[in-house]
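A.B. asks: Handing you this structure, nothing more for now.
Every number here is computed from the coordinates shown, using simple stated rules; none is lab data. The structure presented is a predicted model; accordingly, all values stated were derived computationally and were not measured. Counting neighbours? That spans all protein chains shown, and the Cβs are built from the backbone with ideal geometry, glycine included.
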Amino acid sequence: MIKKLITQNQPVEVDPTEVAILKTLIESNAYVSGSALAKSIGISRTTIHTKMDQLKSAGFKINAISNRGYCLEKLPQNLLPQLLHTYGQALSKDFQLFFYPSVDSTNLEAERLFSNGAKTPFAVFTHKQTAGKGRLGRKWHSQANKNLYCSIMFSPNTPPEKLQSFTLWAGIEVCRSLKALIPSLDLKIKWPNDLYCNGKKVSGILTEAKIDSDRMHTIILGLGLNINSTQKSFPKEIQSIATSLRAETHQSYDMNALSIEIIQATVRAYNKCIESNDDESLSDAWDAFDYLRDRTISLTENGKKISGLALGINVYGALQLKANDGTIRSIHSGDVTLKR
């Protein structure tokens, strides 16, 4: 099916036999004989040997010992389509993964894939974006092979108001996933869609939707997460305001496993909105990660600059701003900056 999709680039095709081998080796966490692998997957010993050589060429460290078999010594930390699909088996069977070594923008590629027949839900991953997009037309710095650049697409065909809080819930669920992995991480969300750690930006979220008068047809959540970049690797102009998981914790992370965690977090946020699950208050969930609360901020709304004290968000996700005259204003959109 992938071969039939006409896009700017073609996604990397993944060998299901390699995925089956990796799944077995990861789950066993020990030596597995070639004959046992061949029998469980339904291929020959010769094919197993060939596939092992191909996986080694792709960067996997696999030990082979006579009379013991094969053992996965170390997993690569960089994004690899074979590993993405291996971990991706934790997703629903209808969820597709597309990986590109390089693409202009994962959001744009998601649109192209959908236009050419790809069924949702699906996610697009890349090592490098040549025209990564941020909010308000800004460019997102996309360093090759160190960080996560992905877009997750849904086609809800539902009233738009159902997903009006999707971006906020996505930020909350992504923070929860990262905190579960790294409890010491001081993660906050800067309304409406930037993740901060110790006062520096670690992630940005961009949602784009196609809506007519009463239906939301598609929605794409694009996410950039700085994972294994060093502080010095950022462009000089953003070194003082950007950070990464590695810079904060002094260790590197498996981008493949983390990528699937991000997808699962996004799906949780999407389902929470679609199913109108009100078991948890949006404003209460937001409070745990609110970067702006009780801080003086300024923003531009409809061309007019206003400032005041941030008081969290309301049940609809609007930022609550206590203006200098004491009035409380609900801000539904705007570019917020902190007042020093």
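A.B. asks: Can you tell me how segment 16-74 classifies by the Cα gyration tensor, rounded, prolate or oblate, using a/c under 1.5 as the rounded cut?
C.D. replies: rounded
A.B. asks: Which residue fluctuates most in the GNM of the chain (Cα springs below 10 Å): Thr327, Thr158, Thr300?
C.D. replies: Top of the fluctuation ranking is Thr327.
A.B. asks: When the Kirkwood radius is taken over all Cα pairs of the chain, what Stokes-Einstein diffusion coefficient follows at 10 °C and 1.306 mPa s, in µm²/s?
C.D. replies: Estimated via Stokes-Einstein, D reaches 73 µm²/s.
A.B. asks: Out of every Cα-Cα pair in segment 263-340, what percent are more than 21 Å apart?
C.D. replies: The share of Cα pairs beyond 21 Å in segment 263-340 comes to 35 percent.
A.B. asks: When a/c is below 1.5 the answer is rounded, else prolate if a/b is larger than b/c, else oblate, so apply that to segment 71-112 with a ≥ b ≥ c taken from the square roots of the Cα gyration tensor eigenvalues.
C.D. replies: Oblate, because a/c is 1.5 or more while a/b does not exceed b/c.
A.B. asks: May I ask for the net charge around Glu248, where only other residues with Cβ less than 9 Å from the Cβ of Glu248 are counted and Lys, Arg are +1 while Asp, Glu are -1?
C.D. replies: So the surrounding residues net to +1.
A.B. asks: Reachable lysines from Lys339, Cα under 18 Å, same-chain residues fewer than 8 places away excluded?
C.D. replies: Lys188, Lys190, Lys200, Lys201, Lys304, Lys305, Lys322
A.B. asks: Work through the residues other than Leu181 whose Cβ is under 12 Å from its Cβ and net out their charges, Lys, Arg +1 and Asp, Glu -1.
C.D. replies: In short, 0.
A.B. asks: Can you list the residues of segment 250-287 with backbone N under 17 Å from a point 7 Å past the Cα of Thr158, pointing along Cα to Cβ?
C.D. replies: Within reach of a label on Thr158, which here means backbone N under 17 Å from a point 7 Å along Cα→Cβ, segment 250-287 contributes 264-282.
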